[in-house]
Every structure is written in structure tokens, then in C-alpha cells.
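The values are calculated or read from the model by the stated rules, or taken from the named source; none is laboratory data. Being a predicted model, the structure only gives us computed values, none of them experimental. Cβ: placed from backbone, ideal geometry, glycine included. Neighbour counts: every protein chain shown. In case anyone asks, the SASA skips ligands and DNA or RNA and just uses the protein heavy atoms, side chains included. Shrake-Rupley method; radii C 1.70, N 1.55, O 1.52, S 1.80 Å.
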Amino acid sequence: MTALTDLTIAGMKAGLAARDFSAAELTAAHLAAMEGARGLNAFIVETPDIATAQAAAADAALAKGEAKPLAGIPLGIKDLFCTKGVQTTAGSKILQGFIPQYESTVSGKLLADGAVMLGKLNMDEFAMGSSNETSAYGKVISPWKARDSDGLHSNRELVPGGSSGGSAAAVAARIAAGATGTDTGGSIRQPAAFVGISGIKPTYGRCSRWGVVAFASSLDQAGPMARTVDDCALLLTSMCGYDAKDSTSLNVPVPDFAALLTGDLRGKRVGVPKEYRLDGMDATIARLWDQGLEWLKAAGATIVDVSLPHTRYALPVYYIIAPAEASSNLARYDGVRYGLRVTPPGGNLADMYSATRAAGFGAEVKRRIMIGTYVLSAGFYDAYYTQAQKVRTLIAQDFERAWESCDLLLTPTAPSAAFAFGDKADPLAMYLNDVFTVPASLAGLPAMSVPAGLSPDGLPLGLQIIGKPLDEASVLNAGLAIERAAGFTARP
Amino acid sequence: MSVNDDTVRKIARLARIGIVETQVPALAGELSTILGWIEQLGEVDTTGVAPMTAVIPNHLAWRADVVNDGDIQAKVLANAPDATSGFFAVPKVIE
């Protein structure tokens, strides 16, 4: 019999409905896996008592025939989502000990649909990072190891990607059936690609940001991470929906995304943006991209060449807008209302602010707050921030023009497979890892990563599908076509 | 754009992040590198282009002007590092 932790969410739902196993057994198996994999440091807080109680409630609902769509499904929640009564830190020391008095809309919707919360997942501090090395609670370690030329596994520890690195590691290591992630410039898609799972960032406004610790409000979107496209679709349907408490929430109907999955792409035009074919692109990734196009063609799609001429400016635009919004959002951490407070002896209020923020924020967060403060400061605002917002308009217009000749775009998710800790010590080198994911974020478009193959040293590689606003259904469908054709069965 | 030591001190003060003198030169170097890379945006012709305001067109929703939340003083203060008599307490501001 397949281990309970190996099942997909769809498989768990079927098994629970048939009473092949109970929600209590399913949760117990995941709690045991969580304990056994503590070396990965995927969780900041484990909540076994909450999980056990929620599993019992799911069993009661199942017995009465009143089970909600996610009854008994064990999930991890990224530590960026406020969870009522459970510490929420955003991976930062400045929020150590913060116990939200309310539940974020998205995690609340999952729990209302019967999901079981295993714990709070580790992440880059305030979601700023692409490797999980910036967490104040220690780095998350990928369950994957590279193969050396002799075919043996190397001992080198690899990054799980970031910022949703705990989510990625937990799902890949079969500790959680699925997890919430958040994506500001690629924080769902890049870690999903690095650990060989799927993840989707929906259209900006699909998922409420209420109760999600803010990084860059015009970019932040929640989304699911899971081992199959179908599982992502199941979770996404639960997570989306209008919320009056988020002024940018979209008041549009939420389809049953899983019910719309066919893998049939007849009539769909898939664009290949030529600007994504970078000089010196990794040969395996370039081949996998071509292979992905063949797979989509076989599923009925036609392939067209498109141009997104402002692509090369996406990263510099992002590294003005995201830090600018972060410097404003993170001004709230001042030692007054919640979190850490450091008061130097004899210090006044201003001294308390600067000492608290000096002690509470890590190096990358400070760096970004300072960049944001600089680009918003008097005399520089127009040259940096306004110019960036203008170029952002041009980037969004590039996509709008592309949609005249295609319905979806296919690109690699990341320029490389997972790297080792310390490999990208230079901040700029780290930023460049988001080169393929940032443009869709700037344009608010739905985008997902699906595992498609392995690097020569045996590490997962993902392909990214980008869709039109609110067309998650087509993105997921193309994802399913790739998933079926790739037959990705490798596991850590 | 090269950021000098004085600018680093000024930004840190504006951001209310305490830094020690020994960190200043390294921060100046890092910020100069990042801002230098960002400068390439200057070469894009944005004449007549409107700055992005909303990435997905959306109407800000109105709601009735009524009190719909409140009476949660204990919850608001629950995470305060120092709460006194129903208030957030801070070090003395006026001498």
C-alpha cells in the first residue's frame, strides 16, 4: 500500500471519502513525517495539537456526510499568514513572539474548508530572498541532493529556493500534502521549481491579502504549492475569493479550477517570448523549454513567437518598486505596538525606534528598506520611483500586445537548478535568479511552475506558464499537459 | 550613482535603522552597486507613458459609513511590548 504521505490531495480525498483511512490516521502520518524531517528546518512552529483536533473534527464531519472539500487534508501554512493564536513571525526576529488575534482570510478559508494545519513554515525574512538564507530562524535545507559525476549523491546541502522555501521543502519531502505560499517576484514559482513540485501565483487580486504580512503590496499574492497540478487547482479554489477587507481584492466569480482541468489545449496559442532566451542560457534548460513546447503542441496547442521588448528592465523596475513599498510597509515595526522592542539605556523614543529596527531586521531586509527609502527620498523620487512605474506600464503593455497573438506563454521558471548555500553571496547575483518570474508579477498575471525534468546532476527543473488576467484555468490546463507529458516521478 | 558615506548615514536616519560607523563603508559599496545597476532604467524612453497605478483594473469598493468593528482593546494591546492603563507605553518623549 502507498504510504499515506505519498498520496496526492485528490487521492487523500478519495481515501477519506471511502473511509480507507481516517483523517486522524492521515494527520498522524504527516506529524510523524514532520518529526522525522526536522533536520530540514522547514517549520518555525509545529502545531500537532491543533492538527489532531482539526483531524478529529474532519472525521466527525466525514462520518456525518458533511465533509467540506478539504476535510482532513494536512497542510503547512507559510509564516507570512497570520494565524489566530499561533506565533507568526514572517521569518523575522522583529516579530518573534507575535501571536495574531485574528486569522488571515486565505488561511481562514482553507481551515473553513476542513483543512488541517500542521504548522507554520519557515521562509526568507519578510519574503525577501530567493534561497531561504535570510530567515531569522535558520535556513531551510532542500530534501534534494545533487549527484556527482560518479552518480553518488553529494553531501552538499542545497537551497530550497525562496521565499516560500519551507513550503517547498515540506511538500517535496512529503511532510505536508500541500502548502500556502506567497509570491511577490517569484517566491512560489522558483522554490517549486527547485524542489520538483507545482505552484501557482494567481492573478493579482484573486487571493485576499488581508492578514498576510505585507512586503510589496502592489505585487504580493498568495497561492498554493502541491505535488500535482490537480492538487494546486483544488487548493486554489479554496483560497480565492472576494474579500471586502482587502481594497485590491477582485469581486469576480471563482471557478471550480479542478473541474475545468482537461489537459486538452486544442485551439490554444502558446507564445514563446524571444527575450527570455538569454545569452549563455543553460543548455539543459534551453532543451527542456523546447521539449515543453513540443509537449504543448502534442496536446493540441499551436506555438507562436512573440516579443516582450522591455523584459530586460523588469528586474531593475522590481528592485525599485518592491523595496520602495517595503520601506513603507515595514515602517510599522517600531517597537511600539507589537514585536521586539530595544531601548538603549537613557534612550528616547527615536533611539528606541532605531535600536529596535537595528536589532530586529536582518541584513537583506535593512538593505531593501534603505534602497526603498533612498528611491523615495526628496530629489530622487521622480528619477527612480516614477520612472520605474512608467517602465512597469510598458512591461504590462508588452504582455497585452502579446495576448493579441497568443493565449499563454511558456518559459523556464529559473535560470538554473537549485544552488548550494553561500553560492550567491552577492545580492545582485541573487536578484538575477528571479529574471523569468518577475515580469509576470509586475503585470499582475497568473503564472505557475510545473516540474518538467532533471538537470545533469539530477536536480529538478521547472517550466513556467504565464496566462492572461483571471485565466488561471488555462494556465492550470497547460500545466496539466506538461505534467502528463513529462511524467516527472523523481523524488528527493 | 555612487552613494557616499554621508548619504548612507542620511538614509539610515530616515529609515530609523541604527547603524554603527564601521558598517557605513560596506553599505555604501553595496548600495552603490545595486543603484548603479538600477540606473539602466534611465535609458528607457517613457515620454507620454503614464506611471502604473493599478496592475489589474479595479474599482475601489465603497461601504456604508458605519462603525463595524471595535471594542477589542485587549486584543489590540495583546502583543504590545509595554501596555499601561489601556495604552501603548513608550519612553518619555518630552523632558
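Averaged over its residues, the protein assembly as shown has an accessible area of 38 Å² per residue, based on protein heavy atoms and a 1.4 Å probe. Principal axis extents of the Cα atoms in the range A:1-72, from largest to smallest and rounded to whole angstrom, are 38, 27, 16. Less than 5 angstrom separates the built amide H of A:Val304 from those of A:Val270, A:Gly271, A:Val272, all sequence-distant by 5 or more or on a different chain. Measuring r between the beta carbons of A:Arg491 and B:Asp69 and using R0 = 51 Å, the FRET efficiency lands at 0.65.
By the compact-protein rule of thumb, 2.2 N^0.38 Å, the alpha-carbon radius of gyration of the range A:58-185 corresponds to a ratio of 1.19.
Round to a whole number: what % of the accessible area of chain A belongs to carbon and sulfur, probe 1.4 Å?
Details: 8360 of 15930 Å².
Of all accessible area on chain A, carbon and sulfur atoms account for 53 percent.
Does anything in the range A:155-182 have its amide N under 20 Å from the 7 Å Cα→Cβ label point of A:Asp20, and if so which residues? Flagged as within label range: A:174-178.
Per residue, chain A reaches -10500 deg cm²/dmol at 222 nm when only DSSP H runs of four or more residues are counted, each adding -39500 (n - 2.57). If a/c stays under 1.5 just call it rounded; otherwise compare a/b with b/c (prolate if a/b is bigger, oblate if not). Do that for chain B, with a ≥ b ≥ c from the square roots of the Cα gyration tensor eigenvalues. It comes out oblate by the Cα gyration axes.
If we count every other residue with Cβ under 12 angstrom of A:Ala67's Cβ, Lys/Arg +1 and Asp/Glu -1, where does the sum land? Intermediate results must be reported in sequence, preceding the final value.
Details: positive: A:Lys13, A:Arg19, A:Lys64, A:Lys68; negative: A:Asp59, A:Glu66, A:Asp113.
My count for the surroundings of A:Ala67 gives +1.
Against the empirical 2.2 N^0.38 Å (N residues), the range A:280-329 has a Cα radius of gyration ratio of 1.75. Counted by Cβ distance under 11 Å from A:Val317, the other residues give a net charge of +3, where Lys and Arg count +1 and Asp and Glu count -1. A P(r) calculated from all alpha carbon pairs of the protein assembly as shown, with 10 Å bins opening at zero, reads 4, 18, 28, 28, 16, 6, 1, 0 percent.
Pop the C-beta distance of B:Leu14 and A:Asp457 into the FRET formula with R0 = 45 Å and round what comes out to the nearest 0.05.
Numbers: r = 46 Å, r/R0 = 1.02.
Plugging the Cβ-Cβ distance into 1/(1 + (r/R0)^6) gives 0.50.
Could you please report the charge total around A:Ala447, scoring K, R as +1 and D, E as -1 over all other residues with beta-carbon less than 15 angstrom from its beta-carbon?
Values: positive: A:Arg189, A:Lys201, A:Arg206, A:Lys468; negative: A:Asp183, A:Asp220, A:Asp398, A:Asp407, A:Asp434, A:Asp471, A:Glu472.
That sum, taken over residues with Cβ under 15 Å, equals -3.
Within the range A:354-411, the ratio Rg/Rh, alpha carbon atoms throughout and Rh by Kirkwood, equals 1.24.
Note on B:Thr53 and A:Ser154: their simple-model spin labels are 5.1 nm apart, each label 7 Å out from Cα toward Cβ.
At a Förster distance of 35 Å, what's the computed FRET efficiency of A:Ala63 paired with A:Tyr102, Cβ-Cβ distance as r, to 0.05? After rounding to 0.05, the efficiency reads 0.70.
Relative to the compact-globule estimate of 2.2 N^0.38 Å, the Cα radius of gyration of the range A:215-337 comes out at 1.42. Couplings 3J(HN,Hα) for the range A:256-263, derived from phi with the Karplus relation 6.51 cos²θ - 1.76 cosθ + 1.60 (θ = phi - 60°), are 7, 4, 5, 5, 8, 6, 10, x Hz, where x marks Gly and Pro.
In peptide A:363-373, what is the residue-averaged number of other protein chain Cβ atoms found within 10 Å of each Cβ?
5
Note on the range A:367-492: Cα convex hull, mean projected area over all directions, 10.0 nm². Values of log10 I(q)/I(0) for the range A:132-253 across q = 0.15 Å⁻¹ run -0.68, by the Debye formula with one identical scatterer at each alpha carbon and no solvent.
Taking chain B as the reference, fit the longest principal axis to its C-alpha atoms, fit the long axis of helix B:24-38 to the helix C-alpha atoms, and give the angle between the two in degrees, 0 to 90, nearest 10. Approximately 70 degrees, to the nearest 10. Placing a label point 7 Å from the Cα of A:Lys297 along the Cα-to-Cβ direction, the residues of the range A:385-418 whose backbone N falls under 18 Å of that point are A:406-412.
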